[in-house]
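See below for the structure under consideration.
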Amino acid sequence: MDKIIGTRGIGKTSKIIRAAYENDAVLVVNNVKYVKALATLSGYEGVNIISYFEYVNNFANVFHRPVLIDEIDGFLQMVYPDVVGYSASIE
């Protein structure tokens, strides 16, 4: 599992856009309009970008492709508001 970790503004979203492009993966994001514009500006046309809401409501139909989630914290807060913490390994 790939993890892109860092502070705001260092290019995490740009990196995950590139990873989605290179792996023909579905990219799940909070702000589809912004990420699509960023993908276009970065030269990554054709990345399949969907919202958190679309992903949750169509989980069984995720195109049988790899899935990358941008800003997992925001995703968890939206989908599972009762989760108040988690752990993760940095490897």
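For this structure, a couple of remarks:
- Database remark: amide H of Ile69 closer than 5 angstrom to the amide H of Val28 (H placed geometrically; neighbours at sequence offset of 5 or more, or on other chains; Pro and chain starts carry no H).
- List Ile69, Ile10, Ile5, ordered by accessible area with a 1.4 Å probe, largest first: Ile5, Ile10, Ile69
- All other residues whose Cβ lies under 14 angstrom from that of Gln77 are scored, Lys and Arg at +1 and Asp and Glu at -1, for a net of -4.
- Close amide-amide hydrogen proximity is noted between Ile49 and Leu27, each under 5 Å apart and 5 or more residues distant or on a separate chain (H modeled in the peptide plane; Pro and chain starts excluded).
- Accessible carbon and sulfur surface of segment 5-77 relative to its total accessible area, %, 1.4 Å: 53
- Cβ-derived FRET efficiency at R0 22 Å, Ile72 paired with Arg18, nearest 0.05: 0.80
- Helical mean residue ellipticity (222 nm; -39500 (n - 2.57) per DSSP H run of 4+; nearest 500) of the chain: -11000 deg cm²/dmol
- Each residue of segment 13-27 was assigned a 3J(HN,Hα) from its phi angle through the Karplus expression (A = 6.51, B = -1.76, C = 1.60, θ = phi - 60°), giving 5, 4, 5, 6, 4, 4, 5, 5, 4, 5, 9, 6, 9, 7, 9 Hz with x at Gly and Pro.
- Residue-level accessible surface for Leu76, protein heavy atoms, 1.4 Å, Å²: 40
- Computed with a 1.4 Å probe over protein heavy atoms only, the accessible area of Glu45 comes to about 120 Å².
- Segment 4-91: chymotrypsin sites (Phe, Trp or Tyr not before Pro) in DSSP loop, at most 14 other beta carbons within 10 Å: Phe63, Tyr86
- Shape annotation for the chain: C-alpha extents along the principal axes are 37, 31, 24 Å, from largest to smallest.
- Computed from the Cβ-Cβ distance with R0 of 22 Å, the FRET efficiency linking Tyr86 to Thr7 stands at 0.70.
- Listed by chain and number, the aspartates and glutamates whose alpha-carbon sits under 14 Å from that of Lys3, ignoring those within fewer than 8 places in the same chain, are Asp70, Glu71, Asp73, Glu91.
- Candidates per trypsin sites (Lys or Arg not before Pro) in segment 1-70, loop by DSSP, up to 14 other Cβ within 10 Å: Lys3, Arg8
The values are calculated or read from the model by the stated rules, or taken from the named source; none is laboratory data. Fair warning: this is a prediction, and the values are worked out from it, not measured in the lab. A quick note on method: Cβ atoms are made from the backbone with ideal geometry, for glycine too, and the neighbour counts reach across all protein chains shown. The accessibility values were calculated without ligands, DNA or RNA, using every heavy atom of the protein model including side chains. Shrake-Rupley method; radii C 1.70, N 1.55, O 1.52, S 1.80 Å.
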